[in-house]
Amino acid sequence: MVATATPSETHAHDIKDLYAHFIGGRRVLPDGPADLVRENPAASNQTLGGFKSADIEMVKATVRTAAQAWPTWRNTAAPSRGKVLLEAARLMDKHREELARLISLEEGKAVKDSRAEVQRSINITEFMSGEGRRFGGYTSGSEVFSKFAFTTRQPLGVVACITPWNFPLAIPAWKIAPALLAGNAVILKPASSTPASAVRLAELYQEAGLPDGILNVLAARGGPAAEALLDAEEIRAVSLTGHTSTGRHVAARLAARGIPMQGELGGKNAAVVLADADLDLAAAGIVDGAFGSTGQRCTATSRTIVVESVADKLLDHVVTRARRLVVGPGVDETTDVGPAVTADQRESVLKYLEVGQHEGAEKVYTAQLGDLPQGHWLAPTVFDRVTPEMRVAREEIFGPVLSVIRVRDTEAAFEAANAVEYGLAASVYTRDVRAIFGFVDKVDVGIAHVNQPTLGGEVHLPFGGVKASGIGPHEQGREAIDFFTKVKTVYINFA
Ligand code: UN1
């Protein structure tokens, strides 16, 4: 194993240097041939970098490193831990353009989306830093006069955060901020296709004063090394964002050892458009929701459920707006829709286009791609007259594909919105206050939006789904700390 220079000695701005693990406060490159080789999604004949993935031994050694480092951080007062987060947020702010470029290069998304992702990473880190001064429990009266009762919160120990490729900076940022603030040591396992942003984030934390070994980044594909992480005795909790099937598999494995999991999983989010909606506003939100970030977002608008009487008009607005989108390399300022992250991801979306046509959905729009370098390009596509039983109405596609489902009335629209196994986000477009509150009451999701896209959320509020979209407590908001702490209830008899 070769340890490279610590981040204070070299400020890595070259992406290839970030293809490494980050263990015990430094970048680490194991000996041996590179098996994690990353191609540029917008120019697939170029390589961004490569290195050898972690093996079982390396995973075990890293978990031990974190466990040995943990007591120093556990015994650091919560407000002081918060200060490290605040400094990390300041450093992200200072390096915001570098980070945005890095995200666009390795993930492929349009740089304006990457800038929003960096902003979100700053926001969550800054928000959580303030929780350092609020960290603790509550006091309570007792059944007995001469007793005093209170609760206190304590960190768990070493926790694992397993993150996907589609938000290579923000999802790591919003998992590790509460984990670290709560006083845990973290093993972050980013997606093997996008480790560089995670490594850069860890370096910024290090520069902000986080002790060595408290935040470690290990890249490995699924399989024995990933399983070794789940099985490591020192790991006390796992927060994972990924496919529902992965989440359930991991949850079952952890349950056997009694280890809790927080799972932020798939989605099949609907934008519901009622007869009185502002159709231009709805179309703007739908196009942004369906095609922004190339649809590679668990909150993407994958379905539009529209009341028949306004369906044709809405589609006109949607297609007019979709035509203006520029598909191109993420790093270009003019790009709206970048490539798919990998060749496999592109293939999977292309299959769904075939499935939709085969099932009888009507393809009413497919973007014409211009003169582009060889890359994983996908054309934004709209299917009309999709029916609820079709696979394109039920399954998560994770690409720039919108399925339009026409319904009779408001009631049928709400019913269709809930007629999928997922329950992450949904939105409704209407001006009718009864319909708004009816929707909020009935829609079975973790995040409901009114007159705005199905996307995103604000970091000081909980984020997560129900049904097949989530397992365990939600991320973000003040509640995020609950998952990463244990509560102790204390009774003091002073009679
Ligand atoms: C967003 O909607 O902006 O994997 C964030 C995902 C989600 C995060 C979405 N966990 O896409």
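The values are calculated or read from the model by the stated rules, or taken from the named source; none is laboratory data. In this text the structure is predicted, and so the values were computed from the model without any measurement. In this analysis, Cβ positions are derived from the backbone assuming ideal geometry, glycine residues included, and neighbour counts consider all displayed protein chains. Remember, those area values only see protein heavy atoms, side chains included, never the ligands or the DNA or RNA. Shrake-Rupley method; radii C 1.70, N 1.55, O 1.52, S 1.80 Å.
Across region 269-458, C-alpha contacts under 8 Å between residues 6 or more apart give a mean separation that, scaled by the residue count, equals a relative contact order of 31 percent. Could you pull out which residues in region 296-319 have an amide N less than 15 Å from a spot 7 Å beyond the Cα of S348, following the Cα-Cβ vector? Inside the label zone: 296-300. Annotation: the chain has a Kirkwood hydrodynamic radius of 23.4 angstrom, from the mean reciprocal C-alpha pair distance. Between L86 and L461, the FRET efficiency from the beta-carbon distance, with R0 = 30 Å, is close to 0.90. The calculated Kirkwood hydrodynamic radius for region 220-267 is 10.9 Å, given to one decimal from all distinct C-alpha pairs. Directionally averaged projected area (region 153-304, Cα convex hull): 11.3 nm².
Share of carbon and sulfur in the accessible area of the chain stands at 51%, probe radius 1.4 Å.
Stretched out straight at 0.36 nm per residue, the stretch from Q154 to Y138 would grow longer than its current Cα-Cα span by 4.4 nm.
The length gained by stretching the chain between V326 and R64 to full extension, at 0.36 nm per residue less their Cα-Cα distance, is 89.5 nm.
Note on K112 and K16: their simple-model spin labels are 3.3 nm apart, each label 7 Å out from Cα toward Cβ. Kindly report the accessible area of the chain per residue (heavy atoms of protein chains, probe 1.4 Å, no ligands, DNA or RNA), in Å². For the chain, the solvent-accessible area averages 40 Å² per residue. Computing FRET efficiency as 1/(1 + (r/R0)^6) for Y491 and K442, where r is the C-beta to C-beta distance and R0 is 41 Å, gives about 0.40. DSSP beta bridges fully contained in the chain are about 45 percent antiparallel. For region 269-458, the normalised intensity computed at q = 0.17, 0.18, 0.19 Å⁻¹ comes to -1.04, -1.16, -1.29 (log10 of I(q)/I(0), Debye sum over alpha carbons, equal scatterers, no solvent). Given their separation in residues at 0.36 nm each and the Cα-Cα distance between them, A43 and R434 gain 135.8 nm when the chain is fully extended.
Considered as an equivalent ellipsoid built on the Cα gyration tensor, region 243-367 has semi-axes of 31, 20, 15 Å, the largest given first.
Here the spin labels are modelled as points 7 Å beyond Cα on the Cα-Cβ line, and at V355 and H249 they lie 1.7 nm apart. Past 22 Å, Cα to Cα: identify those pairs from K442/K467; K52/K189; K109/K442; K268/K351, in the order given. Pairs exceeding the cut-off: K109/K442. A 1.4 Å probe, protein heavy atoms only, puts the accessible area of R478 near 130 Å².
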